[in-house]
2 protein chains.
Amino acid sequence: MAVYTEIGDDELEAFLGAYDIGGVLSLKGIAEGVENSNYFLQTERGRFILTLYEKRVAEGDLPFFLGLLDHLAARGVTCPSPVHGRDGAIVRRLAGRPAAIQTFLDGVSPKRPSAAHCGEAGAAMARLHRAGADFAPTRANALSLAGWAKLAAATAAAADGVQQGLRQAIADELAHLQAAWPKGLPEGVIHADMFPDNTLFVGERLTGVIDFYFACTDMYAYDVAVNLNAWCFEPDGSFNLTKGRALLHGYAAVRPLAANESAALPLLARGAALRFLLTRLYDWINRDPAALVRPKDPLQCLGWLRFHQHVEGAGDYGL
Amino acid sequence: MAVYTEIGDDELEAFLGAYDIGGVLSLKGIAEGVENSNYFLQTERGRFILTLYEKRVAEGDLPFFLGLLDHLAARGVTCPSPVHGRDGAIVRRLAGRPAAIQTFLDGVSPKRPSAAHCGEAGAAMARLHRAGADFAPTRANALSLAGWAKLAAATAAAADGVQQGLRQAIADELAHLQAAWPKGLPEGVIHADMFPDNTLFVGERLTGVIDFYFACTDMYAYDVAVNLNAWCFEPDGSFNLTKGRALLHGYAAVRPLAANESAALPLLARGAALRFLLTRLYDWINRDPAALVRPKDPLQCLGWLRFHQHVEGAGDYGL
């Protein structure tokens, strides 16, 4: 966030009065999360994250996101647990914005994940998929084929300014995926953005999965493919097979992949690489100089995509 | 800070290894402090603030600032206490920058201080002055007469673009203060920037004074005059006499003001108003669009200055 929303003393007191978490001891804006304003909140009863939802998160989606966390946390998934007010509500308003309080999770996001971190991430994703299987609400994945086509159109004019030939490379890949995108694979709630910076670890033990604001209903194996991109490439662009093996075996030990899911992994990984290539490219082209967070390099994802285009089967990822 | 310094996993572990505070449980960049990168650090032994000193704080001044905190905390002043490494050192390097760990203080900075807050602030300042009286190191106040003259010169060309006539108003005031600035008043360590956002309260109880990076050796009564500006004006520019009385009586109950200190208050308050007018004007003119913190309005300080120019004596402030 470029500028944190200022919260007045009185409105904070009134807001917290709706909860049974004691008086405020500390409130500090934290430099985390691009979409929202997040505050570290210490009260007499414990540590929490207070989130003000800024315009990039649709207010209508909040019941899905927060209801999902409530559902997953109740089933033992290590994710933030929304705090209910005395009236039972999870979302209320503060400083003119929708706001929610969630439990604080210990842990630090790994900057350079090890194979052990990858194995934990795979297992955590599988637990998330299993625990979410009986979550009734659904939310379409706005960043699948139709969303990619929109982003490809929105970035087409400027793409070659980022790298010569990028516009055509995106168009070709999108056409291929539109023709070949798998159907009929097992679906349910997926995280859809479980990058290392959306996980927390104490040492090599995973203590949290956070930032569910892209969660949606889609193929489980697509979520796994997102993680292959997010966790298993080195900064130099090479695929680390040891990490791939750790991630996939960590996942499969909790939720075995069906044959058609494994077979689809190379194609799904191409889709996932294109998804992050397109959103990063869009953010790069439209970057806000006042933003706290530097835009991520879209060309990193082009490297991932090039790798997947030459993969012959799930064995190449270590499965 | 526009962009937080990224701290690698390995360098953080190596850095914390120099302290006896246990392993890291959480590390989050906090949106506080314009001069430095601050992180909320939770370890197995407690809560801390980790600070990376960016270029605006001179590395040579750190022993003064941190030594002062060490001195004050040992004497019961509610300020952050620097954590010593096993080797006794307070400052070491992290991510290529000087870095230090301090204890975390509970409390929230009041957005709209009450008279009770003002009384606590006055008393805290007097305790700080008394506890610092036997702190041997000295540091000149870079933002007194000579510093104001430099800032007046640096802002002269653009001042009238902010408000017509501002350049002349500054020049006139500076000339007056250069001729009349008091000498011979009691001196010692002062905070020099004790605005409400540099204090912490739980309810109406002051739990901390923070951000000592303007601390220096100067007249105690000048520090009191800074606080009259910082705490006792309403957002509409009016001086709240109830707050002035609370602040001055809170101070005097701990450290009575000598007759020459009281008599000098109107002049010192003019100087303090000019100091913040000039630094805010400089920041306003040279504002960085990527900065997290919005520049503060310099014209607010011009209003303070106008008030002090018509004050007849310390009684007008409530003393």
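Read-outs: derived from the displayed coordinates by stated rules, not from any lab. Remember, it's a predicted structure, so these values are computed and weren't measured experimentally. Every residue, glycine as well, gets a Cβ built from its backbone with ideal geometry; the counts of neighbours run over all protein chains shown.
Axis of helix B:220-232 versus longest Cα principal axis of chain B: the two differ by about 90°, to the nearest ten degrees. The packing ranking, built from the mean of other Cβ atoms within 10 Å per residue, places the peptides A:173-186, B:58-71, A:263-276 in the order A:263-276, B:58-71, A:173-186, highest first. Report, in degrees rounded to the nearest 10, the 0 to 90 angle that the Cα long axis of helix A:298-309 makes with the longest principal axis of chain A. Orientation of helix A:298-309: about 50 degrees from the principal axis. For the peptide B:257-267, the mean number of other protein chain Cβ atoms found within 10 angstrom of a residue's Cβ is 0.
Ordering of B:13-22, B:150-159, B:122-131 by packing is B:122-131, B:150-159, B:13-22, highest average first (other Cβ atoms within 10 Å, averaged per residue). Applying 1/(1 + (r/R0)^6) with R0 = 56 Å to the Cβ-Cβ distance of B:Lys55 and A:Arg86 gives a FRET efficiency near 0.70.
Taking the fewest neighbouring Cβ atoms within 10 Å as the starting point, the ordered list for B:Ile90, A:Ile170 is B:Ile90, A:Ile170.
As a test of the formula, what do you get for chain A when each DSSP H run with n ≥ 4 contributes -39,500 (n - 2.57) and the sum is divided by the residue count, at 222 nm and rounded to the nearest 500 deg cm²/dmol? Using -39500 (n - 2.57) per qualifying helix, the result is -14000 deg cm²/dmol. Kindly identify the protein assembly as shown as rounded, prolate or oblate by the Cα gyration tensor criterion: order the square roots of the eigenvalues as a ≥ b ≥ c, call it rounded if a/c is under 1.5, otherwise compare a/b with b/c, prolate if a/b is larger, else oblate. Because a/c hits 1.5 or more and a/b exceeds b/c, the protein assembly as shown counts as prolate.
Once the Cα atoms are used to define both axes, helix B:62-74 deviates from the longest principal axis of chain B by about 90 degrees.
Computed from backbone phi, the HN-Hα couplings of the stretch B:197-203 come to 6, 9, 10, 10, 9, 10, x Hz, rounded to whole numbers (Karplus: 6.51 cos²θ - 1.76 cosθ + 1.60, θ = phi - 60°; Gly and Pro given as x). Ascending distances from the B:Thr103 label point to its copies in the other chains, with the point 7 Å along the Cα-to-beta-carbon line: 3.0 nm. With 27 Å as the limit on Cα-Cα distance, the pairs of B:Lys28/B:Lys111; B:Lys183/B:Lys296; A:Lys28/B:Lys55; A:Lys55/A:Lys296; A:Lys55/A:Lys150; A:Lys55/B:Lys28 that go past it are B:Lys183/B:Lys296. The Cα-based radius of gyration of the stretch A:235-319, divided by its Kirkwood radius, gives an Rg/Rh of 1.07. For chain B, what proportion of DSSP beta bridges, expressed in % and rounded to the nearest 5, is antiparallel? Beta bridges within chain B, antiparallel portion: roughly 95 percent. In the assembly of identical copies, A:Gly67 has its label point, taken 7 Å from Cα in the direction of the beta carbon, separated from the corresponding points by 6.2 nm (ascending, one decimal).
Rg of the Cα atoms in the stretch B:9-103, relative to 2.2 N^0.38 Å, amounts to 1.02. Plainly put, the tip 7 Å out from Cα toward Cβ on B:Ala146 is 7.0 nm from that tip on each other copy, the closest given first.
Look at where the Cα atoms of the stretch B:239-253 and of the stretch B:187-213 average out, and the two centres are 16 Å apart. Counting Cβ atoms of other protein chains within 10 Å of each residue's Cβ and taking the mean over peptide B:21-31 gives 6. Take the alpha-carbon centre of the stretch A:141-171, take the same for the stretch A:62-118, and report the distance between them in whole Å. Value for the Cα centre distance between the two parts: 32 Å.
The dipole here belongs to the protein assembly as shown: it is taken about the Cα centre, uses +1 on the Cβ of Lys and Arg and -1 on the Cβ of Asp and Glu, and is about 60 debye. Each DSSP beta bridge with both residues in the protein assembly as shown is either parallel or antiparallel, and the antiparallel ones are about 95%. Percent of C-alpha pairs per 10 Å bin in the stretch A:115-317, short distances first: 9, 36, 38, 16, 1. Pairs of Cα atoms nearer than 8 Å and 6+ residues apart set the relative contact order; for chain B it is 18 percent. For the segment B:111-120, counting C-beta atoms of other chains within 10 Å of every residue's C-beta and taking the mean gives 1.
Remark: the A:Gln300-A:Asp106 segment gains 66.9 nm on full extension, using 0.36 nm per residue and subtracting the alpha carbon distance.
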